[in-house]
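Here's the structure, in structure tokens; my notes come after.
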Amino acid sequence: MERYKRQELFIGKNKQKRLNKSIVAVIGLGALGSLVSELLARAGINLTLIDRDVVEITNLQRQVLFTEKDLGELKAKCIKKHLAEINSNIKINSSAIDLNFNNIKLIRNADLILDCTDNLETRFLLNEFALKNKIPMVYGAAIRDKGTVMNIIPGKVCFNCIFNKSSSNETCDTSGVLNTITSLTASIQANEAIKILTNQDYETGLIRIDLSNNSITRLGLKKNPNCSVCNGIYEYLNGKKDKDFIKFCGSNNFQFRRKNNLEELKKRLSKAGKITGSREFIKFDNIIIFKDRVMIKADNENEARSLYSKYIGD
Amino acid sequence: MTIKVFIERYNETKVIEKNIKDINSLLKELSINPETVVTARNNELATTDAKLKDGDEVRILSVISGG
Ligand SMILES: [Zn+2]
């Protein structure tokens, strides 16, 4: 196809065909996810896009594809719309959901998973799903002027082998992030995805990118013999580690999982104040209510919990 | 013994001249919570119980989960 000529000249017809047949699931449409989606869409890869958020003003500094017109809209919906305008020859599915052990089967048909999420919980869940279903995955993350990428190939070193005892206190505070490191990290992530999909030699170590001194460091990896996930124990996938309440990184967002009747809540909350929104969600003050969850912006957990019980209930 | 330590969080390289048994003890010495970092010894990721010897280079990297 004319569209892919420049890329095809370099990788060859067969690899291009392979890409055009592939489906990649992009989980998280923030700085990494939005750029990775654009790169893969332009390269001719079919996409399944998943994200639970709406576009906020603080996203525009680094999250490509979004425009001021998208503010307040669902990220999954916006990206699908923009990408369809860029490449109408690929298939794009998008879901504005909070990925969890109940709905993760949605990405079972993916040939590869791109982990662009903003929290460790979902990364552990994806790792277990990828290993169990033998789907390769590329982990990417960024903070400040540092980025990291690691390929997770079924049977090789997994995410849990390295990060099983980890917690990340840093991303959640006000450390900040540059759009230059997110775009560099996303590019490497997308490139590794293409290598894996087209059977080329891919990175087997952990890549660390540091813009303070323009270094890319590759660190060797070893499988952890005591890794529970490599030994077939899937605690996130079977719901054992599932939490109904989560604090998200970056923006002081708290999420409560709950089945909501939007019509009923609309009626009830309109008595308390102004309500905006669409068919998929309603917005009230610092609260966004979806059919399957409630997101609350608050300074701390206590404030979030009190807003929750004040306006939502139970 | 001499150990070269790179602490990514502060873009800082330190040379420590002291007998330090393993990465765990090194993190304690530097007052770093082991849960918030991954560590590498001589360019290979290593668990915190990895033993240290003279001349080893240790990298202390933050756990990054932002996307
Ligand atoms: Zn493992």
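The values are calculated or read from the model by the stated rules, or taken from the named source; none is laboratory data. Bear in mind that the values here come from a model prediction, so they are computed numbers and not experimental data. Counting neighbours? That spans all protein chains shown, and the Cβs are built from the backbone with ideal geometry, glycine included. For accessibility, only protein heavy atoms count, side chains too; no ligands or nucleic acids. Shrake-Rupley method; radii C 1.70, N 1.55, O 1.52, S 1.80 Å.
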Selection from segment B:24-67 of residues assigned to a helix (DSSP H, G or I) and hydrophobic (A, V, I, L, M, F, W, C) yields B:Leu26, B:Leu27
Condition (residue is more than 14 Å from chain B (Cβ to nearest Cβ), touching a Cys at 6+ places or on another chain (Cβ under 7 Å) and within 13 Å of the ligand (Cβ to nearest atom)) applied to segment A:155-165: is it met by at least one residue?
no
Among the residues that make up segment A:288-304, is at least one of them small (Gly, Ala, Ser) and within 15 Å of A:Arg257 (Cβ to Cβ)?
yes
Would you confirm whether or not segment A:59-76 contains a residue that is in a loop (DSSP other than H, G, I, E, B), crowded, with 17+ Cβ neighbours inside 10 Å and among the basic types (Lys, Arg)?
yes
Going through segment A:217-245 one residue at a time, which ones are away from the ligand (no atom under 16 Å from the Cβ), part of a loop (DSSP other than H, G, I, E, B) and either among the small types (Gly, Ala, Ser) or at the interface with another protein chain (Cβ under 9 Å from one of its Cβ atoms) (or both)?
A:Gly239
With A:Ile209, A:Ile181, A:Ile188, A:Ile194 as the choices, which residue is more than 16 Å from the ligand (Cβ to nearest atom), surrounded by 18 or more Cβ atoms within 10 Å (Cβ to Cβ) and within 30 Å of A:Asn300 (Cβ to Cβ)?
A:Ile181
Among the residues listed as A:Lys156, A:Lys247, A:Lys223, A:Lys240, the single one being of a type in the set (D, E, K, R) and without any contact (Cβ under 8 Å) to a residue 12 or more places away in the chain:
A:Lys240
Number of the exception - B:Thr48 against (1) under 15 Å from A:Thr148 (Cα atoms); (2) within 11 Å of chain A (Cβ to nearest Cβ):
(1)
Some residue of segment B:30-38 being open to solvent by 80 Å² or more (accessible area, probe 1.4 Å), away from chain A (no Cβ under 11 Å) and either under 20 Å from A:Thr185 (Cα atoms) or touching a strand residue (DSSP E or B) at 6+ places or on another chain (Cβ under 8 Å) (or both):
no
A:Lys283 being over 19 Å from A:Lys247 (Cβ atoms), charged (D, E, K, R) and assigned to a strand (DSSP E or B)
yes
Per the filter on segment B:5-24, residues farther than 23 Å from B:Ile64 by Cα, exposed (fewer than 14 other Cβ atoms within 10 Å of the Cβ) and either touching a residue at least 24 places away in the same chain (Cβ under 8 Å) or among the β-branched types (Val, Ile, Thr) (or both) are B:Val15, B:Lys21
Of the residues B:Thr39, B:Thr48, only one is under 9 Å from the mean Cα position of the chain (by Cα), modelled with pLDDT under 95 and under 26 Å from A:Asn119 (Cα atoms); which?
B:Thr48
Select from segment A:139-154 the residues that are within 16 Å of the ligand (Cβ to nearest atom) and among the hydrophobic types (A, V, I, L, M, F, W, C) and list them in ascending order.
A:Met150, A:Ile152, A:Ile153
With the structure loaded, tell me whether A:Ile209 is touching a residue at least 60 places away in the same chain (Cβ under 8 Å), over 21 Å from A:Cys158 (Cβ atoms) and of a type in the set (A, V, I, L, M, F, W, C) or whether it fails that test.
yes
In the list A:Val26, A:Val36, which residue meets the criterion of being part of a helix (DSSP H, G or I) and either in the same structural domain as A:Arg108 (by TED's automatic domain parsing) or under 22 Å from A:Ile113 (Cβ atoms) (or both)?
A:Val36
Looking at (1) open to solvent by 30 Å² or more (accessible area, probe 1.4 Å); (2) away from chain B (no Cβ under 14 Å), which is the one condition that is false for A:Phe256?
(1)
